[in-house]
Every structure is written in C-alpha cells, then in structure tokens.
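Pasting in a structure now, in structure tokens, and then I'll have a few things to ask.
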Amino acid sequence: MATPTVNSSAVSPPVPFEARRAARSLYWRGWSVTQIAEELGLSPNTVASWKNRGKWDAAPSHVKVNDAIEARLCMLIAKDDKTGKDFKEIDLLGRQLEKTARVERYRGGGSESDLNPNLRNRNSDEAKEKRAATVKEKRRNFLTEEQWEALEKDFHDNLFDHQKLWWEHREDRQRKIKKSRQIGATWYFAREAMMKGRESSLAGEPRNQIFLSASKRQALIFRRYIVAWVRKITGVNLVGGLQDAPMLIDMGEGHEPIELHFLSTSKATAQGEHGDFYCDEFFWIPGFRDLKRVASAMATHTIYKRTYFSSASTVTHEAFPFWNGDEWNEGRKREDQRDFDVSAAALAKGRYMPDGSWQHMVTIQQAIAGGMGKFLDEAELRQQYSEDEFRNLFECEEIDDTASCFPFAMLNPCRVDSFYRWKDFKPAEQRPFGSKPVWIGYDPDKGGRDGAALAIVAPPEKVGGKFRLLEKIGLKGMDFEAQADAIKRQTTKYNVADIGIDTSGAGQAVWELVCKWFMAARRIDYSVSTKAALVMKGQNVMRRGRFEYDAGWHDVSSALMAIRPGLTKGGRQVTYASGRTAAHGHADIAWALLNALINEPLDASEAGQSTSSVEFFE
C-alpha cells in the first residue's frame, strides 16, 4: 500500500507566542489590525481573534506602558555593543518597571504603601517611636514626666530648713517674709514657682507664676535661676521671657501651658496679668502702695497666692506699715484693731497675723542653724560691716535714715528701671555706651580696712541734664596695681572723659599709675571741706531730680544712706562719714559715685567740665 503524501502548503504551522505579544504591542502603539498582519505575515483574522480574546482594548494604561517598557528593555539587553547612553536607559527602564509593578499590586487590592515604599517604613513601629521622640525634642519648653520628677527630686534634696518651712506654706493666700541677705531666697522662689506651676497643672487648675521686682534686670535674675536649673538637671534649654512676653512652659498634650512672667514694678501692663505672684525686695520698691494695688488685682481670685519677700530697708519706707500692721489697723475702730507682733522671736517659726497673712523672719543666725553654716560665716561678716549695717543686712532691722545725708525719701525718685529707661545703654555689648563719654569715680582701699570701688557715670548730655550710674565695680582684695589695671580696662569698654581718684590710703599709688596713661586724672585729697563739697553736690543733684540709678541696686541705696554728718575729733567742725572702720567699708560705692559727680562744678551753669577723653582698643 502506498504511503499518503501531505501538502505542506495546506497546513498552517502554529503561530509562536512571541508573535502574539508582538502583535499586541504594535496594536497598543496605535497600529491597525491590517497593518499588524502585513508586518508580521499573519492573517488579519488571526490578529483580530487575538485582539478580541485578549481584550486588548480593555487593558489599563499601566499594562500598556509596562509592555512598551519591556519591549524596549529586551531590545537594549540583546544589543551587543552597548553605549553609556544604553546603560542609562536600561537603568531608567528598570526603575519604571518597578513603579508599574507597584501600581499593579495596588490595583489588585494593595495599600498606599505599595505605591510608595517610604510609607511602609514611615508607619513602622520603629519609625513611629523615632518620630515621637523627635517631636518631643523639638517642642519648645517641654519637659517629660521623667524630667519633671528629676527636677522635683533635686528641688527637695537641696532645701535648707527655712526654705522647707516656706514650701510648707506655699499654699497660704498671702506670705510676708523678711529675711537676711544671702540666704537663697530668690534662688528658692524661682524653683518653687516651677514646682507650683506643675502642681497646679496636675490638679487641673493651672496657675501662672509672676515675678515682680524693682527693675526688669532684677526680675530677670529669677529667669536665669530657672533656666540654669532646668538645663543642669534635664538638659532642656528654656527660651522666652526676656522681653515683656512670658516664658511658656509646655505641660503636655491636653494641658494648658504655664506662663512665667518676669516684670518690673514700673510696667503698667503688669496689672493685666493673673496668677501667683512673687514680689521681690518689696521693702526697697518705690511707690509700694500703688504696686500693692496692682499686685493684689493680679491675684484677686482665691486660687492665686501672693508672696512678698525682702531684706529690711528703712522705717520710713511705704512697706513698713504693711509689714507691722499699721496699714491694716488704719481706719478701723479702736476695738477692731489688732496687734501685729513682728519681733524676731515671734516670727522665728512663722505666724499667722490678724490680716490673714503668714509672716516669717529669717535672720542669719537662723539660716546658719538651718544648714547654711558652710556658706555663711557670721564672725567674718561682723568684721566686714559696722554693727548698724550688720543688724540691717543680716538681722532684719530697719535703718533709721532720718539722720542720713541721703535719706530714702531723697533716693527713691532717683531709682528707675534702667532696662526700659536707658535705651542707649546696652550692658551686654562690647561697648555698652557706644562712643558717648563717661566719668569714673574711684574710692580706694584704706590700707585693707575696707574695699575699693569704681562708679561708671554717664554725665548730662546738656547743662542741667541727668547723671546716670551705669555700672558699679567692686575692687576688694586687689592691690593698688591691680586696681589701677581695673580702671584702665574700663577705657577699652567706655569712652572715658574723666577719672576722679581719692588719694587717701592706696589711692595715692593708684593715682600715680593712672596718670601715666591718663594725665588728666583728677586728684581728690579728702578733707573736711572736700567731703562737704562732695556731699552738697550729691544732695543738690538728687534733690533737683538730676540723678538716676537702677532700682534693683539696693547696695547703692544702703551705701548712700550710710553717709551721715558728724563732728571732727576736735569737735569744732562738721564732717561727713559712713562709719568707715576696720569693721566695714560698705559705703565705698557711694563715695566713688560722689567722686565722679563732683567733676561738675557746684554751680552746674558754670563751664569747666572736662572735654578730654581716652580710649584703648585691643
């Protein structure tokens, strides 16, 4: 039987799968079915069948794009001699394929992280923890619970007995405290305010904390204490509060911030604030009655607390009747009046008074007994100060300034808030007073019996204008050469137009050294007539309202009030002294000031003011 033959031309070979992909690719690029059939040598019916069965027209755009990328990528990969441009295109096409694959996963029911892998990393637990830590780090004035606990522990671990007593009475409506100098009152109340702010926030009744001082510069001492403490314990650097705006403490999510206000008593805007307030050195504040009205208004609501604390000043100060109860008893019927026992013995452990306030007195002896013995040496302090001064500074006794050449009533109008009043003086700058002239007054060390001091004074800019005490510098413990060098250093800082030097004691040697580089230095030889001229000049300037100094400089007030008239040893002439003995020399800055003021003639209308000046630039 013969073997059958097959006509090969009558049997169509199977079409390769790649032909179908090629047809689809051409179709998606815009070719017609007929064009594709002619290009690939296929039957138009075959191509049309593929199109319908493969639903080429229904394919999404990213599938069409992916096909074109694959086709181009395969062609480049198969190329033998690739150029640098080819490799760049291969890399680009590979990244595009990755993107279209992510789109495919997303359309298949995926999430947004399929489109953007960064979202997956961003939403991981590790990323969330890191992000939360970063947010906390960047939050302004924010403290974590652990940091607050560290502050609280440090606060209580470093209190002395009198400060522990103050803390126990922190919630009293009104506290009035008279205290010795240098027993850490400002330091303590700055920290107490932070702790009270946190306590009130945790209790759901956040209370702002307001600090009132005689001057803005003095009020900012509270801020410095707070910022330094928080930075030391937690590493957080608190910001804000330098100008009139408060420092805002972020108390965390869902809690109102606590405001810390650092105000001077001369600012009328203080009456718009509300919160607990601390009135610093209230026995030295000018216009205390007016201030008390403003301060009381800030703490009208019963949740707010008032704290007045100060060292003693004078019996003529407006705050004295507030302290001893005379103000409360004033205007009351005799049968309604009450005694206020404000003796040191009665107030040693604190006592509630008829006006409802809690009053406390802390002398240096009590502070030493309460743990401050390593910081305070009573015997040494008694050697440095006269008996009257010691009792005033450290035993809370008021000065009787009625016999003073410069009573408090004369000085009070001279005390100003230099932070706001002196716009041309910027103490933080290298040249605080620019090129404006200053006069320097120097009071010497009397052979080791007291300290030396410099007074930097801005003279009047016109005849009859005001003097301003810009800076005071203590030179205690320096020999005459070091004191002369200290004077010279001021010439690199200020435009020095005059230097007045008391030549008694070490002053003679200082004057000789200063004359080597400032030949116009004035020599002042103290005598009865010289002292009289100095005092009369100072009184004249102050009575005429021609002198200003910062209200926070209580040592300047004390030094001036210490100058009193007396008789010479022969009893025939009146002289002026500040009780200078080997025991003390606290009035040095007062005499240094007077040595500068006397450069203006007693008759201010006369000419003769020095016009020479000297500056050193390094």
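The values are calculated or read from the model by the stated rules, or taken from the named source; none is laboratory data. Predicted, not measured: the structure shown is a model, and the values here were computed from it. Quick reminder, even Gly has a Cβ in these numbers, built from the backbone with ideal geometry, and neighbours come from all protein chains shown. For accessibility, only protein heavy atoms count, side chains too; no ligands or nucleic acids. Shrake-Rupley method; radii C 1.70, N 1.55, O 1.52, S 1.80 Å.
Residue under question is Asp250, and the condition is that it be open to solvent by 20 Å² or more (accessible area, probe 1.4 Å), under 22 Å from Ala551 (Cβ atoms) and of a type in the set (Asp, Glu); does it hold?
Considered against the rule, which asks whether it is open to solvent by 20 Å² or more (accessible area, probe 1.4 Å), under 22 Å from Ala551 (Cβ atoms) and of a type in the set (Asp, Glu), Asp250 comes out as no.
Another question, then. Considering only segment 175-188, how many residues are part of a helix (DSSP H, G or I), among the hydrophobic types (A, V, I, L, M, F, W, C) and more than 28 Å from Glu548 (Cβ to Cβ)?
1
Please go through segment 488-508 and pick out each residue that is open to solvent by less than 50 Å² (accessible area, probe 1.4 Å), within 25 Å of Lys436 (Cβ to Cβ) and of a type outside the set (Asp, Glu).
Gln490, Thr491, Thr492, Tyr494, Asn495, Val496, Ala497, Ile499, Gly500, Ile501 - these are the residues of segment 488-508 that are open to solvent by less than 50 Å² (accessible area, probe 1.4 Å), within 25 Å of Lys436 (Cβ to Cβ) and of a type outside the set (Asp, Glu).
Please go through segment 29-65 and give me each residue that is in contact with a Pro (Cβ under 9 Å, 6 or more places away or on another chain) and surrounded by 14 or more Cβ atoms within 10 Å (Cβ to Cβ), ordered by number.
Of everything in segment 29-65, those that are in contact with a Pro (Cβ under 9 Å, 6 or more places away or on another chain) and surrounded by 14 or more Cβ atoms within 10 Å (Cβ to Cβ) turn out to be Val33, Ile36, Ala37.
Can you tell me how many residues in segment 351-397 are within 27 Å of Ile563 (Cβ to Cβ) and outside any loop (DSSP other than H, G, I, E, B)?
Adding up the residues that qualify gives 16.
How do the helices (runs of 4 or more DSSP H) wholly within segment 508-618 filter down when requiring 3 or more residues that are at pLDDT 90 or above, in contact with a Gly (Cβ under 6 Å, 6 or more places away or on another chain) and within 19 Å of Gln483 (Cβ to Cβ): which remain?
Answer list for segment 508-618: 588-597.
Something else: At least 1 residues that are touching a residue at least 12 places away in the same chain (Cβ under 8 Å) and farther than 12 Å from Arg20 by Cα in each: list the helices (runs of 4 or more DSSP H) lying fully within segment 33-95 that qualify.
33-40, 61-78
So, in segment 165-193, of the ones that are without any contact (Cβ under 8 Å) to a residue 60 or more places away in the chain and over 23 Å from the mean Cα position of the chain (by Cα), which residue ends up surrounded by the fewest Cβ atoms within 10 Å (Cβ to Cβ)? Give the derivation first.
Our first condition is that a residue be without any contact (Cβ under 8 Å) to a residue 60 or more places away in the chain; within segment 165-193, this holds for 167-168, 187-188, 190-192.
Right, trim to over 23 Å from the mean Cα position of the chain (by Cα) and you get 167-168.
On the way: Trp167: 17, Glu168: 11.
Restricting to residues being without any contact (Cβ under 8 Å) to a residue 60 or more places away in the chain and over 23 Å from the mean Cα position of the chain (by Cα), the top hit is Glu168.
Do we have any residue at all in segment 461-474 that's in contact with a Leu (Cβ under 9 Å, 6 or more places away or on another chain), under 21 Å from Asp525 (Cβ atoms) and not polar (S, T, N, Q)?
No.
Oh, and also: Within segment 398-431, how many residues turn out to be part of a loop (DSSP other than H, G, I, E, B), open to solvent by less than 60 Å² (accessible area, probe 1.4 Å), touching a strand residue (DSSP E or B) at 6+ places or on another chain (Cβ under 8 Å) and of a type in the set (D, E, K, R)?
Residues in segment 398-431 being part of a loop (DSSP other than H, G, I, E, B), open to solvent by less than 60 Å² (accessible area, probe 1.4 Å), touching a strand residue (DSSP E or B) at 6+ places or on another chain (Cβ under 8 Å) and of a type in the set (D, E, K, R): 2 in total.
If you take the residues in segment 432-478 that are of a type in the set (A, V, I, L, M, F, W, C) and open to solvent by 40 Å² or more (accessible area, probe 1.4 Å), which one is farthest from the chain's Cα centre (by Cα)? Break it down into steps so the answer makes sense when it comes.
Initial filter on segment 432-478 (of a type in the set (A, V, I, L, M, F, W, C)): 433, 438-440, 452-458, 463, 467, 469-470, 473, 475, 478.
Next, only the ones that are open to solvent by 40 Å² or more (accessible area, probe 1.4 Å) stay: 463, 478.
On the way: Val463: 38, Met478: 32 Å.
Taking the candidates together, the pick is Val463.
Among what's in segment 509-538 and is open to solvent by 30 Å² or more (accessible area, probe 1.4 Å) and touching a residue at least 40 places away in the same chain (Cβ under 8 Å), pick the residue that is farthest from Pro407 (Cα to Cα).
Filtering segment 509-538 for residues that are open to solvent by 30 Å² or more (accessible area, probe 1.4 Å) and touching a residue at least 40 places away in the same chain (Cβ under 8 Å), the one farthest from Pro407 (Cα to Cα) comes out as Trp517.
Can you tell me which residue within segment 194-219, out of those that are in a loop (DSSP other than H, G, I, E, B), over 17 Å from Val294 (Cβ atoms) and touching a residue at least 24 places away in the same chain (Cβ under 8 Å), is least open to solvent (accessible area, probe 1.4 Å)?
Keep residues of segment 194-219 that are in a loop (DSSP other than H, G, I, E, B), which gives 203-208, 214-215.
Next cut, over 17 Å from Val294 (Cβ atoms) only: 203-207.
Remaining after also requiring touching a residue at least 24 places away in the same chain (Cβ under 8 Å): 205-207.
Values: Glu205: 101, Pro206: 40, Arg207: 20 Å².
Step by step, filter segment 194-219, then rank; the result is Arg207.
Do any strands (runs of 3 or more DSSP E) entirely within segment 220-297 hold 1 or more residues that are hydrophobic (A, V, I, L, M, F, W, C) and touching a Gly at 6+ places or on another chain (Cβ under 9 Å), and if so, which?
So the answer is 247-249, 258-264.
A further question on this structure: Filter segment 313-350 down to the residues that are in contact (Cβ under 8 Å) with a residue 40 or more places away in the chain, among the polar types (S, T, N, Q) and assigned to a loop (DSSP other than H, G, I, E, B) and list them by number.
Within segment 313-350, Ser313, Thr316 qualify.
Name the single residue, out of those in segment 264-291 being at pLDDT 85 or above and surrounded by fewer than 21 Cβ atoms within 10 Å (Cβ to Cβ), that is nearest to the chain's Cα centre (by Cα).
The residue in question is His274.
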